[in-house]
Amino acid sequence: MEAWIDVYHAVRRLSAVDTLIFLTDNAIGTDEEESLSHLVRNLGDDVLHGRIAPFLTLKHDLQYCLRFADRAQRVGFPGLVVLGGDRHDGIPRCLPRSWQLRERLREESPGMLLGGWANPYHDPAEQAELLARYRGTLDFVLTQVTSHHEIGPVATFMSELARRGLDLPVFAGVFFFRSARRKTLDALAEFIPVPRAGIVRDFEERGLSPEEVAARTIVALSDVGVTRFYVSNLVTLQAARQLERIAELAGLRPVPRDPMS
């Protein structure tokens with residue numbers, strides 16, 4: 001409950017400064033999407049619902065997923081990020097692929113923006129091909145978290161999108177590494193790509209702050225053509241200040257009024 005109270009405060013602050021929020025409650029497994037119920041009950045009318053896009057995974061029965069999207073749309077959330085969900089806990093998916101659920105949602109919840117997922121660290125060309133194949137189910141895309149230490153696959157991915165003429169808004173993932181503690185990096189590596197050696201150098205040899213590390217990733221992404229970013233793992237109650245500092249260090253211009261345009 002204390003964690004959710006912190007989330008409410010952070011979401012209010014971020015929405016007040018016109019920040020787009022992709023929201024997950026950090027849970028793994030069957031409790032993942034209860035964030036929607038918490039938000040509807042507790043955020044109130046002082047939060048800009050039009051700046052929040054919850055995550056929805058396939059790790060629920062199909063009717064739950066359809067109801068979730070309907071509820072999100074009715075309370076004013078503009079879209080959903082629809083993805084398969086991690087497989088670490090063995091919970092089955094209601095459909096084999098996320099595009100199949102997005103296809104259903106196009107019919108069941110017309111007008112809702114639907115986001116997908118891509119991982120440049122798999123085969124970048126194949127990832128671009130999948131986005132092209134299912135373009136009709138997508139309004140925007142989030143990527144797996146990326147790193148300035150391994151920027152090559154991201155450059156290839158962006159080049160493939162351009163070659164295919166895909167004009168999808170792509171939000172590249174930037175992970176906010178808070179330290180180079182080996183135990184923490186090992187735990188994270190079970191879920192996301194972690195360039196351990198590079199992160200250790202950034203913190204221990206170069207003496208960079210967490211904000212500086214994140215800013216370096218954003219600069220490297222900008223150099224390969226990325227123009228939109230999301231930052232995950234921020235300290236909840238410090239998120240607005242940390243984002244402002246990262247943007248300053250990365251030399252970013254103020255965000256546009258509609259970051260999905």
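Below is a table of values for the structure above.
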item: Residue, farthest from residue 160 (Cα to Cα), within region 107-128, restricted to residues that are of a type in the set (A, V, I, L, M) and under 18 Å from the mean Cα position of the chain (by Cα); result: 112
item: Of all residues making up region 170-225, the number that are touching a Pro at 6+ places or on another chain (Cβ under 7 Å) and of a type in the set (A, V, I, L, M, F, W, C); result: 2
item: Wholly enclosed strands (runs of 3 or more DSSP E) of region 6-104 bearing at least 1 residues assigned by TED's automatic domain parsing to the domain that holds residue 172 and either small (Gly, Ala, Ser) or at pLDDT 75 or above (or both); result: none
item: Unmet criterion (only one of (1) free of Cβ contacts under 8 Å to residues at least 24 places away in the same chain; (2) assigned to a helix (DSSP H, G or I)) for residue 167; result: (2)
item: Selected residue (only one of 229, 157 is of a type outside the set (Lys, Arg), at pLDDT 95 or above and either assigned to a strand (DSSP E or B) or assigned by TED's automatic domain parsing to the domain that holds residue 18 (or both)); result: 229
item: All positions within region 172-224 that are in a loop (DSSP other than H, G, I, E, B), within 17 Å of the chain's Cα centre (by Cα) and β-branched (Val, Ile, Thr); result: 192, 194
item: Boolean, residue 129 is loosely packed, with under 15 Cβ neighbours inside 10 Å, within 27 Å of residue 62 (Cα to Cα) and without any contact (Cβ under 8 Å) to a residue 60 or more places away in the chain; result: yes
item: Positions within region 172-194 being free of Cβ contacts under 8 Å to residues at least 60 places away in the same chain and within 27 Å of residue 100 (Cβ to Cβ), in sequence order; result: 172, 173, 192
item: In region 152-184, the residues that are among the charged types (D, E, K, R) and either under 28 Å from residue 202 (Cβ atoms) or surrounded by 20 or more Cβ atoms within 10 Å (Cβ to Cβ) (or both); result: 160, 178, 181, 182, 183
item: Qualifying residue in region 107-126 (condition: of a type in the set (Ser, Thr, Tyr), over 21 Å from residue 79 (Cα atoms), out of contact with any Asp or Glu (no Cβ under 8 Å at 6 or more places or on another chain) and surrounded by 17 or more Cβ atoms within 10 Å (Cβ to Cβ)); result: no
item: Scan of region 61-86 for residues that are charged (D, E, K, R) and under 18 Å from the mean Cα position of the chain (by Cα), ordered by number; result: 86
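The values are calculated or read from the model by the stated rules, or taken from the named source; none is laboratory data. Just so you know, these numbers come straight off a predicted model, no measurement behind them. Using ideal geometry, Cβ is built from the backbone for each residue, glycine included, and neighbour counts are taken over all protein chains shown.
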